[in-house]
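**Student:** Here you go, one structure.
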Amino acid sequence: MQSIGWDACTAIATALEIPQSEVLIMAGHLEKPPKYVPGQAEWDALYEKLSVEDRDELIAMARLKTERRRGKK
């Protein structure tokens, strides 16, 4: 099976507005870092684009979801 090329990966990442590293890892062109979390690079890129208020809101939501999960165990 032939892997998708580097240029195609770059084009896909640009079109989907996700970090190139995510697509390159999925295509097998880059090794996964030791602590790789799928979607983390995209999350980081999106987070940087948000206003301070939106960032605070997302953090509050994440805290709430984390607390709810702890309560379910």
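Every read-out reported here was derived from the displayed coordinates using simple, explicitly stated rules and does not represent laboratory data. Keep in mind that this is a model prediction, so the values were computed, not measured.
**Student:** Pull out the extension gain between Ala45 and Lys65, defined as 0.36 nm times the separation in residues minus the alpha carbon to alpha carbon distance; nm, one decimal.
**Tutor:** Between Ala45 and Lys65, full extension yields 5.1 nm more.
**Student:** Hey, another quick one. So what's the angle, to the nearest 10 degrees on a 0 to 90 scale, between helix 6-16 and the longest Cα principal axis of the chain?
**Tutor:** On a 0 to 90 degree scale, this one is about 40.
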